[in-house]
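Enquirer: The structure's right below; bear with me while I get my questions together.
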Amino acid sequence: MNILKLKAAMVERGVSIAELADQIGINRATLYRKMAAQGESFTIGEAETITRVLHLSAADSSAIFFGPPVA
């Protein structure tokens, strides 16, 4: 997971940590912990909700949650 790209998307769209946490239904502290752990504990549902809340394209979502493709 690319946390820097996630943070950049949040800044670009003006969404705070507190707002994002509220939208995905978790505590703000929990979101901070998940981001500090490089997103290792985000569920698929949370990733889908983040994608929807931040209006991410499929390419942006893939770059954030899955990283570059491996050949």
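The values are calculated or read from the model by the stated rules, or taken from the named source; none is laboratory data. This is a predicted model, so every value here is computed, not measured. All Cβ positions, glycine included, derive from the backbone under ideal geometry; neighbour counts span all protein chains shown. Surface areas here come from the heavy atoms of the whole protein model, side chains and all, with no ligands, DNA or RNA. Shrake-Rupley method; radii C 1.70, N 1.55, O 1.52, S 1.80 Å.
Enquirer: Before anything else, pin down the relative contact order of the chain: Cα pairs under 8 Å, at least 6 apart, normalised by residue count, whole percent. Numbers along the way, then the final one.
Expert: Details: 47 pairs, mean separation 34.6, N = 71.
After rounding, I find 49 percent.
Enquirer: Could you do me a favour and compute the accessible area per residue for the chain, 1.4 Å probe, result in Å²?
Expert: Details: 4510 Å² over 71 residues.
For the chain, the solvent-accessible area averages 64 Å² per residue.
Enquirer: If you place +1 on the Cβ of every Lys and Arg, -1 on the Cβ of every Asp and Glu, and leave all else neutral, what size is the dipole of the chain about its Cα centre, to the nearest 20 Debye?
Expert: Working: 7 positive and 7 negative charges, 30 e Å.
The calculation lands at about 140 debye.
Enquirer: Here is a further query. Once the Cβ-Cβ distance between A58 and A29 is put in as r, and R0 is 30 Å, what FRET efficiency do you end up with, to the nearest 0.05? Please list the in-between numbers first.
Expert: On the way: r = 30 Å, r/R0 = 1.00.
Approximately 0.50, to the nearest 0.05.
Enquirer: Additional query: Rounded to a whole number, what % of the accessible area of the chain do carbon and sulfur atoms account for, probe 1.4 Å? Write out the running numbers ahead of the final one.
Expert: Values: 2530 of 4510 Å².
Taking all protein chains in place, the chain shows 56 percent carbon and sulfur surface.
Enquirer: Hey, another quick one. Can you give the convex hull volume per residue for the Cα atoms of the chain, as a whole number of Å³?
Expert: Values: hull volume 5.8 nm³, N = 71.
Dividing the Cα hull volume of the chain by its residue count gives 81 Å³.
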